[in-house]
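Engineer: Please find one structure pasted underneath; my questions will follow.
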Amino acid sequence: MNILFTCAGRRTYLLKYFKENLSEGDKIVATDMQLSAPALQAADVKIQVPAVYDPNYIDITLNICKEQKIDALLCLNDLELPILAENKARFEALGVKVIVSDPEVIYIAFDKYKTAQWVESLGLNAPKTYVTLASAKEALAKGEIAFPLFMKPRWGSGSIGLETIDDMEELDIYYHLLMKKIKKTILATASVGDEYIMIQEKLTGKEFGLDVMNDLQGNNVAVSVKQKLAMRAGETDKAITVDIPEVYEMGRKIGENLKHIGNLDVDIMQRANGDYCVLELNPRFGGGYPFSYEAGVNMPKAIIQWIKGENVDASILQPKYGKTFAKNDYLVEVD
């Protein structure tokens with residue numbers, strides 16, 4: 001089996017996890033805009049490609065699949081997900097299983113305002129959310145929300161453009177500044193219309209990261225819950241696996257209704273009153289997945305078995321609770 005990881009970036013650990021579960025003679029191929037990307041150093045074959053918005057990107061990736069006899073493709077970048085979702089049929093015509101959800105799933109997750117609306121349609125909580133400066137100010141005047149607030153791009157990736165707003169002066173300044181910043185970045189290409197920014201109530205309680213795991217037909221099979229103990233650069237830095245039935249059931253409900261394919265990275269935060277709010281849905285392996293894997297959740301093995309048409313033992317997707325892990329930096333030699 002040959003697996004292609006696109007936009008590999010810094011996800012060295014994920015390529016290693018898959019390699020640990022492949023058989024002798026199987027191959028990991030990885031692509032990125034830069035051959036110095038750390039994750040490429042863990043691949044058997046590394047290939048440089050243009051940016052995902054390059055008009056030739058899909059054709060180039062299709063040719064890589066042909067040349068490298070790729071069986072399955074996994075995407076590790078939010079901005080690429082909509083592009084691959086729209087072109088799944090072209091890859092699958094070559095016999096490549098694209099581990100990317102359908103376009104409607106990507107749309108719900110990528111548009112953070114739609115995410116909040118969809119979450120509330122399930123009867124779950126989402127932060128109070130506004131997509132215009134005027135509507136946020138009106139909500140403040142009515143007492144529906146209060147400072148501090150949280151501001152971020154509506155179509156965002158990673159921690160780009162995240163701001164905490166403490167007063168009305170900052171609300172005006174940061175709104176216009178963030179709008180200018182977005183228009184100068186790749187997020188402008190990813191955004192739709194002119195409502196680029198979201199303003200939300202800022203939650204400050206306990207934060208949780210979920211791996212909501214579905215099979216390749218979109219059926220929910222498992223949920224792993226971790227409490228985040230520390231964050232760095234928008235990613236989980238320290239976490240502990242926990243058994244909280246209410247949070248677990250939220251993940252299961254999301255997986256059953258969203259019907260995504262593969263892993264879904266979910267962020268949940270607890271309000272001061274004890275309510276849990278869903279912050280984000282990311283239909284891919286997220287930066288918090290290593291905490292699940294090290295606690296016994298072997299999603300790479302499950303994906304490999306599903307691709308082969310084999311049955312998966314549910315026990316390999318269940319975490320050991322109370323396992324605490326912390327990330328650390330190390331150097332990768334670039335060849």
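Engineer: Under the condition of being in a helix (DSSP H, G or I) and out of contact with any Asp or Glu (no Cβ under 8 Å at 6 or more places or on another chain), which residue from the stretch 120-136 is surrounded by the fewest Cβ atoms within 10 Å (Cβ to Cβ)? Break it down into steps so the answer makes sense when it comes.
Structural biologist: Looking only at the stretch 120-136, we keep the residues that are in a helix (DSSP H, G or I), and these are 120-121, 133-136.
Filter again for out of contact with any Asp or Glu (no Cβ under 8 Å at 6 or more places or on another chain), leaving 120-121, 134-136.
Values: GLU120: 13, SER121: 10, ALA134: 8, SER135: 13, ALA136: 24.
Among those residues, the one meeting the criterion is ALA134.
Engineer: Which of the residues spanning the stretch 47-63 are open to solvent by 30 Å² or more (accessible area, probe 1.4 Å) and touching a Ser or Thr at 6+ places or on another chain (Cβ under 8 Å)? Walk me through it before giving the result.
Structural biologist: Step one: of the stretch 47-63, the residues open to solvent by 30 Å² or more (accessible area, probe 1.4 Å) are 47-48, 50-51, 53-56, 59-60, 63.
If the condition is that a residue be open to solvent by 30 Å² or more (accessible area, probe 1.4 Å) and touching a Ser or Thr at 6+ places or on another chain (Cβ under 8 Å), then ILE47, GLN48, TYR53 are the ones that fit.
Engineer: For the structure I just gave you, tell me whether ASN2 is over 30 Å from LEU279 (Cα atoms) and open to solvent by 10 Å² or more (accessible area, probe 1.4 Å). Give the steps one after another, and end with the answer.
Structural biologist: On the way: over 30 Å from LEU279 (Cα atoms): yes; open to solvent by 10 Å² or more (accessible area, probe 1.4 Å): yes.
Here the answer is yes, as ASN2 does meet what is asked.
Engineer: Residues MET213, MET198: which one is assigned to a strand (DSSP E or B) and at pLDDT below 95? Explain how you work it out, then say what you get.
Structural biologist: Numbers: MET213 fails: at pLDDT below 95.
Result: MET198 is the single residue among MET213, MET198 that is assigned to a strand (DSSP E or B) and at pLDDT below 95.
Condition check ((1) aliphatic (A, V, I, L, M); (2) touching a residue at least 12 places away in the same chain (Cβ under 8 Å); (3) in a helix (DSSP H, G or I); (4) open to solvent by 30 Å² or more (accessible area, probe 1.4 Å)) across all residues:
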{"position": "CYS65", "(1), (2), (3), (4)": "no, yes, yes, no"}
{"position": "ILE70", "(1), (2), (3), (4)": "yes, yes, no, no"}
{"position": "ARG90", "(1), (2), (3), (4)": "no, yes, yes, yes"}
{"position": "SER101", "(1), (2), (3), (4)": "no, yes, no, no"}
{"position": "GLU104", "(1), (2), (3), (4)": "no, no, yes, yes"}
{"position": "LYS114", "(1), (2), (3), (4)": "no, no, yes, yes"}
{"position": "GLU138", "(1), (2), (3), (4)": "no, no, yes, yes"}
{"position": "TRP155", "(1), (2), (3), (4)": "no, yes, no, no"}
{"position": "GLU169", "(1), (2), (3), (4)": "no, no, yes, yes"}
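Engineer: Within the stretch 300-320, which residues are more than 21 Å from PRO38 (Cβ to Cβ), touching a residue at least 40 places away in the same chain (Cβ under 8 Å) and surrounded by 14 or more Cβ atoms within 10 Å (Cβ to Cβ)?
Structural biologist: Taking the stretch 300-320 as the starting set, the residues that turn out to be more than 21 Å from PRO38 (Cβ to Cβ) are 301-320.
Now restrict to residues that are touching a residue at least 40 places away in the same chain (Cβ under 8 Å): 301-304, 306-308, 312, 314, 317-320.
Once the filter is applied, which keeps residues that are more than 21 Å from PRO38 (Cβ to Cβ), touching a residue at least 40 places away in the same chain (Cβ under 8 Å) and surrounded by 14 or more Cβ atoms within 10 Å (Cβ to Cβ), the stretch 300-320 yields LYS301, ALA302, ILE303, ILE304, TRP306, ILE307, VAL312, LEU317, GLN318, PRO319.
Engineer: Please go through (1) in contact with a Ser or Thr (Cβ under 7 Å, 6 or more places away or on another chain); (2) within 22 Å of LEU74 (Cβ to Cβ); (3) buried (at least 16 other Cβ atoms within 10 Å of the Cβ) for GLY234 and return the number of the only condition it doesn't satisfy.
Structural biologist: (3) is the only condition that GLY234 fails.
The values are calculated or read from the model by the stated rules, or taken from the named source; none is laboratory data. Not measured: the values here are computed from a predicted model. No Cβ is skipped: glycine too gets one built from the backbone with ideal geometry, and neighbour counts run over all protein chains shown. The protein model used for the area step is the full one, side chains on, heavy atoms only, and it has no ligands, DNA or RNA in it. Shrake-Rupley method; radii C 1.70, N 1.55, O 1.52, S 1.80 Å.
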